[in-house]
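I have placed the structure first, in the form of structure tokens, so that the comments after it can refer back to it.
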Amino acid sequence: MKRTSFANWPCSVARTMDLLGDWWTPLVLREAFYGVRRFDEFQRELGIARNTLAERLRRLVDAGLLEKHVYETVPVRHEYLLTESGRDFYGVIAAMTTWGDRWLAGEAGPPIIGHHETCGHDGQAEVVCSHCKQPLEAGTVTPRPGPGYPRKLLLRPDVRRRFGLDEISDER
């Protein structure tokens with residue numbers, strides 16, 4: 001069965017999930033953040049089938065989150081390094097870890113603790129407003145259409161109601 005693509009949806013969550021595709025892709029990225037770089041290391045750490053791993057690494061390279069570099073020429077072997085885009089994904093992994101630690105860790109506690117080298121303390125991710133630095137929580141954020149939201153969708157009455165739009169600005 002062919003899966004639905006969300007690559008062109010006007011939603012960053014949908015587009016990100018389209019890139020991730022399944023549960024293996026964020027786990028491959030997690031291992032990259034832990035310092036894993038080589039195919040056999042990813043395979044050993046994750047216990048993932050080689051063909052599945054090859055596809056996930058290819059997807060991450062094609063999407064620009066990883067770069068493939070030759071580290072041995074005979075036979076040719078590659079390592080996978082995080083790009084700027086890949087390193088920027090760390091916040092997503094950290095937020096998922098914080099949520100999992102709170103709701104899924106059980107009585108034993110979190111399996112991994114993040115040590116923040118900058119301040120020297122163990123810590124966890126917090127999602128805060130880039131302006132006031134207060135926590136972003138479901139009840140304190142109102143979605144509004146951004147500059148990338150398609151104008152044709154803003155003309156639909158149901159979309160206008162969702163965003164509380166009385167009038168459509170001529171600027172869009």
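Table for the structure above
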item	result
Those strands (runs of 3 or more DSSP E) lying entirely in the range 71-131 with at least 3 residues free of Cβ contacts under 8 Å to residues at least 60 places away in the same chain, open to solvent by less than 50 Å² (accessible area, probe 1.4 Å) and within 22 Å of GLU41 (Cβ to Cβ)	76-82
Check on GLU67, open to solvent by 60 Å² or more (accessible area, probe 1.4 Å) and at pLDDT 95 or above	yes
Candidates VAL36, VAL92, VAL28, filtered to the one that is closer than 30 Å to PHE163 by Cα and in contact with a helix residue (DSSP H, G or I) (Cβ under 8 Å, 6 or more places away or on another chain)	VAL92
Matching residues in the range 28-40 - criterion: being open to solvent by less than 60 Å² (accessible area, probe 1.4 Å) and more than 16 Å from GLY91 (Cβ to Cβ)	VAL28, GLU31, GLY35, VAL36, PHE39
Pairs, first at pLDDT 90 or above in the range 8-37, second among the charged types (D, E, K, R), C-beta under 7 Å, six or more apart	TRP24/ARG56; THR25/ARG56; THR25/ARG59; VAL28/ARG56; GLU31/GLU45; VAL36/GLU45; ARG37/GLU79
Among (1) at pLDDT 95 or above; (2) surrounded by 15 or more Cβ atoms within 10 Å (Cβ to Cβ), the one test that ALA49 misses	(2)
First in the range 135-152 and closer than 14 Å to LEU165 by Cα, second anywhere and open to solvent by less than 70 Å² (accessible area, probe 1.4 Å) and part of a helix (DSSP H, G or I), Cβ under 7 Å, 6 or more apart	PRO145/LEU154
Some residue of the range 105-120 being within 30 Å of PRO10 (Cβ to Cβ), of a type outside the set (Gly, Ala, Ser) and out of contact with any Ser or Thr (no Cβ under 6 Å at 6 or more places or on another chain)	no
Qualifying residue in the range 14-35 (condition: more than 30 Å from PRO143 (Cα to Cα), assigned to a helix (DSSP H, G or I), among the charged types (D, E, K, R) and in contact with a Leu (Cβ under 9 Å, 6 or more places away or on another chain))	yes
Residue count for the range 1-27, restricted to those that are over 30 Å from PRO147 (Cβ atoms), aliphatic (A, V, I, L, M) and open to solvent by less than 50 Å² (accessible area, probe 1.4 Å)	0
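The values are calculated or read from the model by the stated rules, or taken from the named source; none is laboratory data. If you're wondering where the values come from, they're calculated on a predicted model, not measured in any experiment. No Cβ is skipped: glycine too gets one built from the backbone with ideal geometry, and neighbour counts run over all protein chains shown. Accessible surface areas use protein heavy atoms only, side chains included; no ligands, DNA or RNA. Shrake-Rupley method; radii C 1.70, N 1.55, O 1.52, S 1.80 Å.
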